[in-house]
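The values are calculated or read from the model by the stated rules, or taken from the named source; none is laboratory data. Quantities reported herein were computed from a predicted structural model and do not represent experimental measurements. Note: ideal-geometry Cβ built from the backbone for every residue, glycine included; neighbour counts use all protein chains shown. The accessibility values were calculated without ligands, DNA or RNA, using every heavy atom of the protein model including side chains. Shrake-Rupley method; radii C 1.70, N 1.55, O 1.52, S 1.80 Å.
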Amino acid sequence: MLISKPVAEAIRAGTVTQAFRRWDVPRVKVGGLQLTPAGLVRFDAVSRVRDPDRLTERDARKAGVKDLATLQRFLAPRERKPSARGSRGGDTVYRITLSWAGEDPRIALRDSLPDDEALRDIAARLARLDARPTGPWTREILEWIRDNPRVVSKELAAVRGVELLPMKVDIRKLKTLGLTISHDVGYELSPRGAAYLGWVERAG
């Protein structure tokens, strides 16, 4: 379920407590968590909206939508081509009750300095990421980010001769391990990432 940064921040602030989606079947699970730009969001309830025409201005405000007319336009049935995920939308409108569930766990992870066991674990995880037909890539990116903090990602892609979007996916994998920090422009190594790279270089 896509949650924009402004909506995620409003969920964190408690001003947005629900969302509406037109789906074929529910695509979130009650009690499930989703990582957003503002931290973890919990799906507290999912229910079918039997008559979307009876939604109110208050429903729109609680969903972070400026007014009911905008919400109704968003939920109006329409014929559309399948998305990249193979979805055409759906025939049923669902109300999803949301709440903020805590900070992005990667924030605490990236500030924690790894001990010897953790360093070996990171190395094993990165070795699995490197084991693909195109060859190793993790150390190259980590070194470039260390030496070029907050440089636009397009430049990194150009230097490496790779496509931008797949490279961003790769960097998100490193972020999940707590090794990098994303900024509005570019990246930098986290304390955890810097400690790991230093360990690797000392080992030769």
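Observations
- Verdict on Asp24 being surrounded by fewer than 18 Cβ atoms within 10 Å (Cβ to Cβ), in contact (Cβ under 8 Å) with a residue 60 or more places away in the chain and acidic (Asp, Glu): yes
- Hey, Leu142 at pLDDT 95 or above, under 15 Å from Lys175 (Cβ atoms) and not acidic (Asp, Glu) or not: yes
- When the residues of segment 2-19 are filtered to those that are over 15 Å from Gly39 (Cβ atoms) and not polar (S, T, N, Q), the one that is least open to solvent (accessible area, probe 1.4 Å) is Ala19.
- The single condition among (1) more than 20 Å from the chain's Cα centre (by Cα); (2) farther than 25 Å from Asp184 by Cβ that Glu143 does not satisfy is (2).
- Segment 1-35: number of residues that are touching an Asp or Glu at 6+ places or on another chain (Cβ under 8 Å) and either assigned to a strand (DSSP E or B) or of a type in the set (Asp, Glu) (or both): 5
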